[in-house]
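The values are calculated or read from the model by the stated rules, or taken from the named source; none is laboratory data. The shown structure was predicted, so the numbers you read here are calculated from the model rather than taken from an experiment. Heads up, the Cβs are rebuilt from the backbone with ideal geometry, glycines too, and the neighbour counts pull from every protein chain shown. Just the protein is used for accessible areas: all its heavy atoms, side chains included, with ligands, DNA and RNA removed. Shrake-Rupley method; radii C 1.70, N 1.55, O 1.52, S 1.80 Å.
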Amino acid sequence: MIVLDRTPGHVEAFAPAKLNLFLEILGKRVDGYHELESLMVTIDLYDRLEFVADPSGQISLECDDPNLPTDASNLVVRAAQRIKNDSGTSQGVRITLNKKIPAQAGLAGGSSDAATTLVALDRLWELETPKHRLENLAGTIGSDVAFFLSAPAAICRGRGEQVEAIEIGHPLHFVLFCPPMGLSTAAVYRQLKPPDSPRPIEGFLKALRSGDSRALGQSLFNRLQPIAEAIEPGLLGVRKAIEESEPSLDGSLMSGSGSAYFGLCHDEGAAGHAARHLGSLGLGWARAVTCGP
Ligand code: C5P
């Protein structure tokens, strides 16, 4: 995330989307969540947030997407309330959210907005919250929120909130392909039967470290993809289009619980070409994105 102090009492921030390059389910837990192992990266597709101090002590949110709630059911408001209560501060904030990351796409836009809100309010209200405390707060808001405190790349375990940051060392170029239909994460997990022999992440990590884009492309894996495609058969055409994309990609996958897909590209130029080709098909919007140092 990018967090900028504009003037005293005014912070501007950019919350990135994420992709799951590897996602395996290890089992179902007694609390109803699933134990998972995932490699996540942030990409340069951002929601924009503005935070203006409010001396009244109130927390309020305005959003340019009329389909999103602006009450406490929005993760941004929930994050603001959590850090306000945790710190005991009497300060308030007016938050403005400009959405660019599509909802119900497996890109964790809402979780990223929440994580960015924690960091931005820590700055705006001069709280100096220790990182482990921010991570604990993040874990109580949603499974994917803590990851964004350790971006751009991490292995996530538990229900997603146990985060081990890793170095990638070289930029990764993708084409992102987002169809208009969205998928509910809870609905996808409800249909899931955890595998008897989960796929270990080590093979994927070896390919990632090798710097060989084709080997990495062949190691991309998402246990949730067949389930999402069974719930929403319209996704099969989206998958086929990205698999057959020209110029050919090093690999492709659905992100998280869907509905967005991404292709791994050899370089920035190939990602741009693929975005133009996929965008012309009328199946959704496409753009070239990058993760990396
Ligand atoms: O934690 P979050 O609110 O983002 O999760 C949304 C839903 O996805 C949960 O209610 C749960 O049904 C499912 N989920 C799961 N196991 C995980 C993460 C999410 O079953 N590790």
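Can you find a residue that is over 30 Å from HIS170 (Cα atoms) and open to solvent by 50 Å² or more (accessible area, probe 1.4 Å) anywhere in region 8-20?
yes
Search region 123-144 for residues that are under 16 Å from GLU164 (Cβ atoms) and within 11 Å of the ligand (Cβ to nearest atom) and pair each with any residue that is of a type in the set (Lys, Arg) and not in a helix (DSSP H, G or I) when their beta-carbon atoms are under 6 Å apart and the residues are at least 6 apart or on different chains.
SER143/ARG159
Taking GLY158 as the residue in question, decide whether it is within 11 Å of the ligand (Cβ to nearest atom), more than 30 Å from GLY284 (Cβ to Cβ) and in contact (Cβ under 8 Å) with a residue 40 or more places away in the chain.
For GLY158, the condition - within 11 Å of the ligand (Cβ to nearest atom), more than 30 Å from GLY284 (Cβ to Cβ) and in contact (Cβ under 8 Å) with a residue 40 or more places away in the chain - is met.
Conditions tested, residue by residue: (1) surrounded by fewer than 18 Cβ atoms within 10 Å (Cβ to Cβ); (2) assigned to a loop (DSSP other than H, G, I, E, B); (3) within 16 Å of the ligand (Cβ to nearest atom).
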residue	(1), (2), (3)
ALA228	no, no, yes
VAL238	no, no, no
PRO247	yes, yes, no
GLY258	no, yes, yes
ALA270	no, no, no
ALA275	no, no, no
LEU281	yes, yes, no
ARG287	no, no, no
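Given the structure, is PRO194 in contact with a strand residue (DSSP E or B) (Cβ under 9 Å, 6 or more places away or on another chain) and at pLDDT below 95?
In short, no.
To keep it simple, each residue is scored yes or no on (1) at pLDDT 95 or above; (2) part of a strand (DSSP E or B); (3) of a type in the set (D, E, K, R).
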{"site": "ASP5", "(1), (2), (3)": "no, yes, yes"}
{"site": "VAL11", "(1), (2), (3)": "yes, yes, no"}
{"site": "ALA15", "(1), (2), (3)": "yes, yes, no"}
{"site": "LEU36", "(1), (2), (3)": "yes, yes, no"}
{"site": "ILE43", "(1), (2), (3)": "yes, yes, no"}
{"site": "ASP47", "(1), (2), (3)": "yes, yes, yes"}
{"site": "PHE51", "(1), (2), (3)": "yes, yes, no"}
{"site": "PRO66", "(1), (2), (3)": "yes, no, no"}
{"site": "ARG78", "(1), (2), (3)": "yes, no, yes"}
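Yes or no: GLY88 open to solvent by 50 Å² or more (accessible area, probe 1.4 Å) and among the small types (Gly, Ala, Ser)?
Yes.
What number of residues in region 200-226 are modelled with pLDDT of 95 or more, open to solvent by less than 70 Å² (accessible area, probe 1.4 Å) and in a loop (DSSP other than H, G, I, E, B)?
Residues in region 200-226 being modelled with pLDDT of 95 or more, open to solvent by less than 70 Å² (accessible area, probe 1.4 Å) and in a loop (DSSP other than H, G, I, E, B): 4 in total.
Go through region 100-117 and give me each residue that's open to solvent by 10 Å² or more (accessible area, probe 1.4 Å) and under 27 Å from THR129 (Cα atoms).
Residues satisfying the conditions are ALA108, GLY110, SER111.
Within region 28-53, work out how many residues are in contact with a strand residue (DSSP E or B) (Cβ under 7 Å, 6 or more places away or on another chain) and within 16 Å of the ligand (Cβ to nearest atom).
Qualifying residue count, region 28-53: 9.
Could you figure out which of (1) more than 27 Å from ALA230 (Cα to Cα); (2) near the ligand (Cβ under 10 Å from one of its atoms); (3) of a type in the set (Phe, Trp, Tyr) isn't true of TYR189?
Only one criterion is unmet by TYR189, namely (1).
Give me the pairs: first residue in region 81-96 and at negative phi, second residue of a type in the set (Asp, Glu), beta-carbon distance under 6 Å, and six or more apart or on different chains, which are they?
Listed pairs, sorted by first residue: GLY92/ASP54; VAL93/ASP54; ARG94/ASP54; THR96/GLU50; THR96/GLU62.
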